[in-house]
Amino acid sequence: MASTPDAPAEVQRGLQDIVALESHITFIDGKRGRLLYEGYDIRDLAEHSTFEEVAYLLWYGRLPTAEQLRDLEQRLAQLRALPEPVGRLIDTLPAESNPMDILRTVVSTLPMFEPSETQPSPNSIGGALRLTAAIPTMIGRFQRRRSQLSPLKERPDLSHAKNLLYQITGREGSDLDARAMDVSLILHADHELNASTFAARVTASTLSDLYSSITSAVGTLKGPLHGGANERVMEMIDEIGTVDRAEEVVKAKLARHERIMGFGHRVYKVEDPRATILREWSRRVGESAGNLHAYDVLQKVVEVVHREKGLYPNVDLFSGSVYATLGIPRDLFTPIFAASRVAGWTAHVLEEYRDLRLIRPTARYVGPVDQTYVPLAERTA
Ligand code: SDX
């Protein structure tokens, strides 16, 4: 009698609601719309902290003293430069490439040019520092290359957020712009087992190296259902045009069963607390720039999507309008997401190394069993 596979437990597509591991890093309360990094509420961190301080918190599990923070800021500033062959590689890759493909390629190339005696050991917080410091330089080098501009000189005097703005726009930006970027970097720094972080942990769970784990994460974040949504929100704003067309355009999309980018979430059943904070920053920077068009359109879209579909905004809804107001090209929105999330990705990879367990779920087999092998000469169809 042909053996049939024992029927395993019910399939949870997308591993929805599956608890895959224990983590000390981030807590998401999906029902109440709360997000905590190592127990600290994201609202307090967005109000009082900096990206550098949050990166320290994610890597070390505690807030730094003033001296520890100064030391981290200095180490990050010192680790921004790329090895010249890596810079030259960016200058030779096709200028029309997708910036997330550039980032994925360069992250995986960097360790090949890191003489071990001069760089922090890759599978450690040193490796996390190096990648967190270098990714803005990678983004900036590509932006200058595709704009036919020479690479920028280093500015170790700039904070992480100001340096990211400088690398992309060639300008430090106003204090308001820099604070808006810093807050957005804080908000995007980690989010428990989202798809790209899970990809990084799967890679690390095989004892592969930190750079390979982050390369997996970058490739995963590129997807429009994950990191790429904020670019598509801006395309939706263009399609809507004016506030009074928002209702008609959104309803038509819903009628075509299209996903409205920037809405819905696998975990949050109420508004994503990051969206709440980014909405306010979208208003602030828009007001400062004298252009609230994107903000006004999005506010109307929020009203229509909630009324028609009962869905709430997620982190991607307002982030793009903040970045656009800061003068950032749309196809760099997701690379900026990566520039922030690399802090969380690396924290999770290091946590996986400390409490290693090969991640290997199973699948429910639904194919045929006990097939008879027919020699090639006898196969007709
Ligand atoms: C991020 O996981 C994370 O933490 C990710 C992230 C992070 O910080 O790492 O938070 C970042 O990825 C935010 C999400 C960015 N993506 C988008 O904004 C893309 C649009 N959103 C959807 O694709 C969707 O909401 C997901 C992918 C985010 C979540 O989808 P789920 O949990 O798989 O939900 P689902 O597809 O099962 O949908 C449930 C219902 C469906 O309705 P029915 O077909 O059952 O009638 O809700 C509907 C969906 O059609 N729905 C939407 C919708 N999201 C869900 N309908 C219209 N527009 C949407 N955005």
Residue pairs meeting the criteria (Cβ under 7 Å; at least 6 apart or on separate chains; first in the same structural domain as ALA338 (by TED's automatic domain parsing), in the stretch 148-166; second surrounded by fewer than 15 Cβ atoms within 10 Å (Cβ to Cβ) and part of a helix (DSSP H, G or I)): PRO156/GLN78
Going residue by residue through the stretch 292-307, is there one that turns out to be more than 13 Å from the ligand (Cβ to nearest atom) and not in a helix (DSSP H, G or I)? yes
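Among the listed residues GLU53, GLU47, which satisfies the condition of being free of Cβ contacts under 8 Å to residues at least 12 places away in the same chain, within 19 Å of SER184 (Cα to Cα) and in the same structural domain as ILE139 (by TED's automatic domain parsing)?
Values: GLU53 fails: free of Cβ contacts under 8 Å to residues at least 12 places away in the same chain.
After ruling out the rest, the residue left standing is GLU47.
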Every residue from the stretch 268-278 that is buried (at least 20 other Cβ atoms within 10 Å of the Cβ) and of a type outside the set (A, V, I, L, M, F, W, C): TYR268, ASP272, PRO273, ARG274
Cβ-Cβ below 7 Å, separation at least six or inter-chain, first residue in the stretch 64-79 and within 12 Å of THR132 (Cα to Cα), second of a type in the set (Phe, Trp, Tyr): which pairs? LEU72/TYR56
Options ALA200, ALA180, ALA161; residue that is crowded, with 21+ Cβ neighbours inside 10 Å, within 16 Å of the ligand (Cβ to nearest atom) and not in a loop (DSSP other than H, G, I, E, B): ALA200
Which of the numbered conditions does THR197 fail, given that it passes all the others? Conditions: (1) hydroxyl-bearing (Ser, Thr, Tyr); (2) out of contact with any Phe, Trp or Tyr (no Cβ under 7 Å at 6 or more places or on another chain); (3) at pLDDT 95 or above. (2)
Mind checking which residues of the stretch 56-80 are closer than 22 Å to ASN123 by Cβ and either hydroxyl-bearing (Ser, Thr, Tyr) or assigned by TED's automatic domain parsing to the domain that holds VAL267 (or both)? TYR56, TYR60
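Which residues, counting only those in the stretch 206-224, are of a type in the set (Gly, Ala, Ser), in contact with a helix residue (DSSP H, G or I) (Cβ under 8 Å, 6 or more places away or on another chain) and either surrounded by 19 or more Cβ atoms within 10 Å (Cβ to Cβ) or in a loop (DSSP other than H, G, I, E, B) (or both)? Reasoning before the result, please.
Here is the first cut: in the stretch 206-224, the residues of a type in the set (Gly, Ala, Ser) are 208, 212-213, 216-217, 219, 223.
Next cut, in contact with a helix residue (DSSP H, G or I) (Cβ under 8 Å, 6 or more places away or on another chain) only: 212-213, 216-217, 219, 223.
Residues satisfying the conditions are SER213, SER216, ALA217, GLY223.
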Residues (surrounded by 13 or more Cβ atoms within 10 Å (Cβ to Cβ) and over 24 Å from the mean Cα position of the chain (by Cα)) located in the stretch 65-87: GLN68, ASP71, PRO83
Among GLY30, GLY61, GLY126, which is the only one that is surrounded by fewer than 19 Cβ atoms within 10 Å (Cβ to Cβ) and at positive phi? GLY61
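Answer yes or no: is there a residue in the stretch 256-267 that is within 15 Å of the ligand (Cβ to nearest atom), under 25 Å from the mean Cα position of the chain (by Cα) and part of a helix (DSSP H, G or I).
So the first thing to find is which residues in the stretch 256-267 are within 15 Å of the ligand (Cβ to nearest atom), and the list is 256-267.
With the extra rule that they be under 25 Å from the mean Cα position of the chain (by Cα), the set shrinks to 258-267.
Checking the rest, the ones that are also part of a helix (DSSP H, G or I) come to none.
No.
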Quick one: would you say ARG341 is more than 30 Å from ALA217 (Cβ to Cβ) and assigned to a helix (DSSP H, G or I)? no
Any residue that is modelled with pLDDT under 95, among the charged types (D, E, K, R) and within 20 Å of LEU210 (Cα to Cα) - is there at least one of those in the stretch 113-129? yes
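The values are calculated or read from the model by the stated rules, or taken from the named source; none is laboratory data. Note that the structure is a prediction, hence the values are computed from the model and not measured. For neighbour counting, all protein chains shown are included, and Cβ atoms are generated from backbone atoms with ideal geometry for every residue, glycine included.
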